[in-house]
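The values are calculated or read from the model by the stated rules, or taken from the named source; none is laboratory data. Since we're looking at a predicted model, the values are computed, not measured. We place every Cβ from the backbone using ideal geometry, glycine too, and count neighbours over all the protein chains shown.
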Amino acid sequence: MKNEEKNARAEISPAADITAAPALKTAALTKRFRGFCLDGVSLTLPRGCTLGLIGENGAGKTTFIKTVLGIINADGGTVKLFGRDTKDDFELTKQDVGVVLDTVGLPGGINARQFGSILKDSYKNWDGELFCSYLERFSLPPKKKYSAYSRGMKMKLGIAAALSHDAKLLILDEATSGLDPVARDEVTDILFDFTKDGERSVLISSHIVSDLEKVCDYIAFLHGGRLLLSDEKDRLLERFATLHCDDKTLASLPEGCVISKRRTDYGVTALVERRLLPAGCEVSACSVEDIFVGMIKGERKEISN
């Protein structure tokens, strides 16, 4: 789907029509632990789009997802799924959400076929034939015990289940981390197909940033429990760039232009904001990973200063 169409849909007022409400909207979502705080995270995921949640280990990705799902009780803020406040209507809403956490957490003695039977009684729209087709597609033996599955097979089983009850929103927490490159690419294709109708959406966290760059329409950066940045992927790639220069050129750049820098034997490589660059500066495109790493380095430098 074209970005223009997605943007137009995102601008429709959720109050006007419940079908136009974002798939997910959090406002000042907060959760405090000893030594860590998810600090007022506000995110919006429009319908028909995929949002990638990026952050180092301990940044708060899993805490955010578990708080959205009600697994962890929030200390502040709100969560709305499809325009409904989850505090008021979570039992109804959960039927429309497919979830794959970083650990699927099934009893080791059951097999995939038995897992499907359990889920049949949990979801009103459970599609057993579709589930079996995903088992075959992912080469998952239906009678093999869960305890004998590899980590990658366990994650595939979770993905198969999440895709088999007509979910309108998939929430995947590091769901591709145990998969080989071929399987990750296959999951990427599945996510593209899942959102192509313009109504179904995906929230996915991963430390494999290249996977998110392939599939995501929106990117959100978490660091130390805080949301550093959230925007459309294409806008981020237009906003930032890589500049190769010498120290003299670097020193002449306006304040705020340089996000982070790295010196090498060949000069300086800097992550910069294009709009603040003086005319005539030649830059090269950067990746989402370049932006994320650069912002974290810049953040750490500010803290140390």
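A few remarks follow.
- Thr50 being β-branched (Val, Ile, Thr), surrounded by fewer than 21 Cβ atoms within 10 Å (Cβ to Cβ) and modelled with pLDDT of 95 or more: no
- Entry remark, the stretch 253-282: residues being surrounded by fewer than 16 Cβ atoms within 10 Å (Cβ to Cβ) and of a type in the set (Val, Ile, Thr) number 1 in total.
- Of the listed requirements (1) at pLDDT below 90; (2) in a loop (DSSP other than H, G, I, E, B); (3) within 26 Å of Asp234 (Cβ to Cβ), Pro22 misses just one: (1).
- Extreme residue, nearest to the chain's Cα centre (by Cα), among residues of the stretch 279-293 that are in a loop (DSSP other than H, G, I, E, B) and under 18 Å from Lys233 (Cβ atoms): Ser287
- Meets criteria (out of contact with any helix residue (DSSP H, G or I) (no Cβ under 9 Å at 6 or more places or on another chain) and either in contact (Cβ under 8 Å) with a residue 60 or more places away in the chain or farther than 22 Å from Gly158 by Cβ (or both)) for Asp247: yes
- Test: residue in the stretch 205-223 that is free of Cβ contacts under 8 Å to residues at least 60 places away in the same chain, in the same structural domain as Asp166 (by TED's automatic domain parsing) and in a helix (DSSP H, G or I): yes
- The residues in the stretch 67-89 that are modelled with pLDDT under 85 and either more than 23 Å from Glu174 (Cβ to Cβ) or charged (D, E, K, R) (or both) can be counted, and the count is 3.
- Within the stretch 172-190, if we keep just the residues that are over 14 Å from Gly105 (Cα atoms) and either among the basic types (Lys, Arg) or at pLDDT 90 or above (or both), the residue that is surrounded by the most Cβ atoms within 10 Å (Cβ to Cβ) turns out to be Leu172.
- Restricting Thr176, Thr188 to residues that are assigned to a loop (DSSP other than H, G, I, E, B) and either on the phi > 0 side of the Ramachandran plot or in contact with a helix residue (DSSP H, G or I) (Cβ under 9 Å, 6 or more places away or on another chain) (or both) narrows the list to Thr176.
- For Asp231, the requirement of being touching a strand residue (DSSP E or B) at 6+ places or on another chain (Cβ under 9 Å) and closer than 26 Å to Ala59 by Cβ is met.
- Residue list for the stretch 229-249, filter: surrounded by 18 or more Cβ atoms within 10 Å (Cβ to Cβ) and under 15 Å from Glu282 (Cα atoms): Phe240, Ala241, Leu243, Cys245
- Unique residue being closer than 13 Å to Thr50 by Cβ, touching a Phe, Trp or Tyr at 6+ places or on another chain (Cβ under 9 Å) and crowded, with 19+ Cβ neighbours inside 10 Å when the list is Leu212, Leu169: Leu169
- Count of the stretch 140-171 residues which are at pLDDT 90 or above, hydrophobic (A, V, I, L, M, F, W, C) and more than 15 Å from Val202 (Cβ to Cβ): 5
- Within the stretch 98-148, tally of residues that are among the polar types (S, T, N, Q), within 26 Å of Thr195 (Cβ to Cβ) and not in a loop (DSSP other than H, G, I, E, B): 1
- Odd one out for Phe64 among (1) loosely packed, with under 15 Cβ neighbours inside 10 Å; (2) in contact (Cβ under 8 Å) with a residue 60 or more places away in the chain; (3) of a type outside the set (Ser, Thr, Tyr); (4) in a helix (DSSP H, G or I): (1)
- The set of residues in the stretch 224-269 that are among the basic types (Lys, Arg) and in a helix (DSSP H, G or I) comprises Lys233, Arg235, Arg239, Lys248.
- Options Gly152, Gly158: the member that is buried (at least 17 other Cβ atoms within 10 Å of the Cβ), under 26 Å from the mean Cα position of the chain (by Cα) and assigned by TED's automatic domain parsing to the domain that holds Leu45: Gly158
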